[in-house]
Amino acid sequence: MLGIQTIASYVPNGRQSNIDSSTLAAFDIKEDFVRNKIGVLSRAVKDSGEDTSDLALKALRKVCEKAGIELREIQALVVVTQNPDNNLPHVAAQVHGKAELPDHCAAFDISLGCSGYVYGLSIITSFMASNGFERGVLITADPYSKIVDRADKNTSLLFGDAATATLISNRPIFAIGPFSFGTKGSLSDALICRDGKLHMNGREVFNLTATGVPPDILNLLQVAGLNKDEVDLYLLHQGSKYIVDTIRGRLGVPAEKVPLGLEEVGNTVSSSIPLLLESAISRDSITTMVLSGFGVGLSWASCVCKKGS
Amino acid sequence: MLSMSQLTEIVASSGFVADMSKFDSAQSFKDNDIDSLDVMTLLLQVEEAAKVKFSDEDFDRIRSLNDVHAVLEGKR
């Protein structure tokens, strides 16, 4: 049985404030709005000398150190990103080279945004199972600082840079599944990078998320034979505090079961769920979680994550 | 389609307005102290209640609750 053994992360030290006077004045907003609606007080920003593969490599090294395994033991390396160092090669190959992973290690990227971690968990476990692999690493590294227009009020106060690495092995602490996936390709223009700049139709993203994600999670719970109260934590993609609060309200679950983790780092795209999960899996009292990511595509994916193999 | 009183009830039940006696449907949402994110929620609730979909053009036209009513009337 394959599942999550451990998670590590790399969050760059650089920070840009959302509540300094010049930012508030530039966007004609109040600090109260930033704190209580956007929920991002500062954004993590990578160093200009770092690229996506560098963030990914740092997360990879940290997860191996945390798990006490050697890099040469990794049989599959999967990177979730839509902001690679270059259009080609794939980031996973660059990380493979920098980490000097063995030649027999499979390495490929997954092109997804905020739903990418949950999709990635399903893809890597299926890939490993079908090939008899015992150790693989799922990396998320999608630094939006490369594409955000700093003058765009819709996006410039939201996104932060981070990378995570999840060790999938045959010695899991948490089992994953069942899964649920969805896509609304007719709204793919609502979150799009054109000419190197990110554009977001916030209303379309909000509407689809608010109306689509809660029923998707409730359906997943039914498939899993769980009721809402049996879930200890709902780890939702940290799009903004407002969207997390909206989904929580529509799901009808208490605030203490829906943690927020974007205050000091921002919306880190596919890294937001594993960043929450990294701290959640260390808590003994947590046995059952629901993970749900949604965004670029527009797409969404949810899964159950249960302690034990 | 929704009447003006039904639209006002949606605003009242949203909790976005502290004192509904001071709410002016002719004034912009901003002037009624409803921020842009809460406007998105309100319009989504109207879409769900009226079973309509506001286009981006509709959304651009809407500044006040009266505008919402006018746009809905245009969809009859």
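Annotations
- Residue satisfying condition, being at pLDDT 95 or above, touching a helix residue (DSSP H, G or I) at 6+ places or on another chain (Cβ under 8 Å), aliphatic (A, V, I, L, M) and not assigned by TED's automatic domain parsing to the domain that holds A:ARG72, within set A:VAL231, A:VAL223, A:VAL137: A:VAL231
- When A:LYS241, A:LYS228 are checked against the criterion of being buried (at least 19 other Cβ atoms within 10 Å of the Cβ) and among the basic types (Lys, Arg), a single residue qualifies: A:LYS241.
- Under the condition of being crowded, with 20+ Cβ neighbours inside 10 Å, within 14 Å of chain B (Cβ to nearest Cβ) and under 20 Å from the mean Cα position of the chain (by Cα), the residues counted in segment A:203-224 number 6.
- Any hit, segment A:88-96, residues being over 19 Å from the mean Cα position of the chain (by Cα), more than 23 Å from A:LYS197 (Cβ to Cβ) and among the hydrophobic types (A, V, I, L, M, F, W, C): yes
- Qualifying positions in segment A:260-273 - assigned to a loop (DSSP other than H, G, I, E, B) and crowded, with 17+ Cβ neighbours inside 10 Å: A:GLY261, A:LEU262, A:VAL265, A:GLY266, A:THR268
- Here A:SER22, A:SER122 are screened, and the one residue that is part of a helix (DSSP H, G or I) and at pLDDT below 95 is A:SER22.
- Residue within segment A:274-291 that is buried (at least 20 other Cβ atoms within 10 Å of the Cβ), in contact with a Leu (Cβ under 9 Å, 6 or more places away or on another chain) and hydroxyl-bearing (Ser, Thr, Tyr) present: no
- Scanning segment A:116-143 for residues that are more than 15 Å from A:VAL78 (Cα to Cα) and surrounded by 24 or more Cβ atoms within 10 Å (Cβ to Cβ) turns up just one, A:PRO143.
- Of the criteria (1) more than 30 Å from A:LEU158 (Cα to Cα); (2) free of Cβ contacts under 8 Å to residues at least 60 places away in the same chain, which one B:LEU7 fails: (2)
- Count of segment A:95-108 residues which are crowded, with 24+ Cβ neighbours inside 10 Å, out of contact with any Cys (no Cβ under 9 Å at 6 or more places or on another chain) and not hydrophobic (A, V, I, L, M, F, W, C): 0
- Condition met for A:LEU187 (more than 13 Å from A:CYS303 (Cα to Cα) and either within 14 Å of chain B (Cβ to nearest Cβ) or buried (at least 20 other Cβ atoms within 10 Å of the Cβ) (or both)): yes
- Pairs, first more than 23 Å from A:SER282 (Cβ to Cβ) in segment A:52-77, second acidic (Asp, Glu) and not in a helix (DSSP H, G or I), C-beta under 9 Å, six or more apart: A:THR52/A:ASP85; A:THR52/A:ASP142; A:SER53/A:ASP85; A:ASP54/A:ASP47; A:ASP54/A:ASP85; A:LEU71/A:GLU100; A:ARG72/A:GLU100; A:GLN75/A:GLU134
- Any chance A:ILE192 is under 22 Å from A:ALA280 (Cβ atoms) and away from every other protein chain (no Cβ under 14 Å): no
- Residue in segment A:157-170 that is aliphatic (A, V, I, L, M), touching a Lys or Arg at 6+ places or on another chain (Cβ under 7 Å) and either on the phi > 0 side of the Ramachandran plot or assigned to a loop (DSSP other than H, G, I, E, B) (or both) present: no
- Meets criteria (surrounded by fewer than 18 Cβ atoms within 10 Å (Cβ to Cβ) and in contact with a Gly (Cβ under 9 Å, 6 or more places away or on another chain)) for B:SER36: yes
- Residues of segment B:1-27 satisfying the condition of being exposed (fewer than 15 other Cβ atoms within 10 Å of the Cβ) and either within 13 Å of another protein chain (Cβ to nearest Cβ) or among the small types (Gly, Ala, Ser) (or both): B:SER3, B:SER5, B:ALA12, B:SER13, B:SER14, B:GLY15, B:ALA18, B:SER21, B:ALA26
- Residue within segment A:134-145 that is over 20 Å from A:LYS307 (Cα atoms), in contact with a Phe, Trp or Tyr (Cβ under 7 Å, 6 or more places away or on another chain) and not polar (S, T, N, Q) present: yes
- Selection of first residues in segment B:34-50 that are within 8 Å of chain A (Cβ to nearest Cβ) and of second residues that are surrounded by fewer than 18 Cβ atoms within 10 Å (Cβ to Cβ) and of a type in the set (Asp, Glu), restricted to Cβ pairs under 8 Å at least 6 apart or on distinct chains, gives an empty result.
- Pick from segment B:51-76, criterion at the interface with another protein chain (Cβ under 10 Å from one of its Cβ atoms) and either buried (at least 16 other Cβ atoms within 10 Å of the Cβ) or in contact (Cβ under 8 Å) with a residue 12 or more places away in the chain (or both), ranking: farthest from B:LEU2 (Cα to Cα): B:PHE59
The values are calculated or read from the model by the stated rules, or taken from the named source; none is laboratory data. Note that the structure is a prediction, hence the values are computed from the model and not measured. In this analysis, Cβ positions are derived from the backbone assuming ideal geometry, glycine residues included, and neighbour counts consider all displayed protein chains.
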